[in-house]
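All remarks here apply to the structure that follows.
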Amino acid sequence: MPAKISRITTQQKSKQRYNIYFVEGDGDKYAFSVDEAILVEFGLRKGLELDEATIDLLIRKDTIQKSYLLAINYLSFRMRTRQEIYDYLVKKEVEPEHIIIIIDRLTKEGLINDKQFAEAFTLTRINTTSKGPLLVKRELIEKGVAPSIAEEAVTLYNYDTQFEKAMKWVNKKIGSSKKESFNKKIEQLRITLVQKGFTSDVIGEVLLSVVDEKDNAAEWESLVYQGEKLVRKHSAKKSGYELKMKVKEGLYRKGFQIDLINKFIDEEIEAGF
């Protein structure tokens, strides 16, 4: 037997939701609530009769609408990928079949677009971080962007932009550890640039530029500092030839050139350091 709507009231805590009451005896009884969008879609009004199938459809549609609004709120903070929305709705325990409906709707409305997300994400990374394109691509894939879309997006990160960013970072770091050998600094920079996701051609060109500007005076100062530390460390137990070999070995492992090492041995140790 169809149920007749006796009255419809606005919820106090949410003006976009409405309570539906059915006629029962001489009075009425609360039946369910719906979002304003569902109220309008089905033309709900006082006196309208609803059969059981329609009531079930209303409740199902409203459940989907509530989950849709959850997704809209999640999107209000920043752009999201299709996968991020899916994972969020799963976390909110939304029915799998409802998730598919919601994501399709958001996609048709232009609120989910992985291509646009990937491009915006790449530009933000270029402007606000020292990360290279390979790391940006990996981040995009981790967020659920298809590898082909991620690959296309990071083409925005061209060679010149990479080189400028990597060079700026290297120039900032090259003088921060003054007591290391130049070769060791270069190797450490190379490792970090790889970790940051810069391409091998850019890394090679940047480090080649740094090598061309090598400060020999600073290199000698670093070698003397490290050499004196090694002498102090080993002089208590070793002397003469053994001490020289121990210091030479230590400096070589630290990346200093052999001609500078020999100069230090001749000028500092043999001169009676």
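The values are calculated or read from the model by the stated rules, or taken from the named source; none is laboratory data. Source: prediction; values computed, not measured. FYI the Cβ positions are ideal-geometry reconstructions off the backbone, even for glycines, and counts take in every protein chain you see.
Scan region 71-98 and report the pairs whose first residue is within 17 Å of residue 60 (Cα to Cα) and of a type in the set (Val, Ile, Thr) and whose second residue is at pLDDT 95 or above and part of a helix (DSSP H, G or I), with Cβ atoms within less than 7 Å and a gap of 6+ or a chain change.
Correct list of pairs: 94/67.
Does at least one position in region 131-147 carry a residue that is surrounded by 12 or more Cβ atoms within 10 Å (Cβ to Cβ) and under 27 Å from residue 254 (Cα atoms)? Even if it seems obvious, please write down each step before you answer.
First, pick out the residues of region 131-147 that are surrounded by 12 or more Cβ atoms within 10 Å (Cβ to Cβ): 131-141, 143-146.
So of that shortlist, the ones also under 27 Å from residue 254 (Cα atoms) come out as none.
Looking for residues that are surrounded by 12 or more Cβ atoms within 10 Å (Cβ to Cβ) and under 27 Å from residue 254 (Cα atoms), one finds none in region 131-147, hence no.
Using the structure shown, decide if residue 115 is farther than 25 Å from residue 35 by Cα, charged (D, E, K, R) and modelled with pLDDT of 95 or more.
Yes.
Taking region 17-46 as the region of interest, how many residues are out of contact with any strand residue (DSSP E or B) (no Cβ under 6 Å at 6 or more places or on another chain) and in a loop (DSSP other than H, G, I, E, B)?
Residues meeting the conditions: 5.
Here's the yes/no breakdown for (1) closer than 30 Å to residue 137 by Cβ; (2) of a type in the set (A, V, I, L, M):
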residue: 16; (1), (2): no, no
residue: 21; (1), (2): no, no
residue: 26; (1), (2): no, no
residue: 44; (1), (2): no, yes
residue: 51; (1), (2): no, no
residue: 54; (1), (2): no, no
residue: 61; (1), (2): no, no
residue: 78; (1), (2): yes, no
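Quick check on my filter: what residues within region 5-31 are under 13 Å from residue 62 (Cβ atoms) and within 42 Å of the chain's Cα centre (by Cα)?
Correct list: 11, 14, 16, 17, 18.
From 208, 230, 193, grab the single residue that is loosely packed, with under 14 Cβ neighbours inside 10 Å and at pLDDT 75 or above.
One residue alone meets the criteria, 208.
Scan region 227-271 for residues that are free of Cβ contacts under 8 Å to residues at least 24 places away in the same chain and not in a helix (DSSP H, G or I) and jot them down.
235, 236, 237, 238, 239, 271
Could you run through region 25-51 and say how many residues are among the acidic types (Asp, Glu) and surrounded by fewer than 10 Cβ atoms within 10 Å (Cβ to Cβ)?
1
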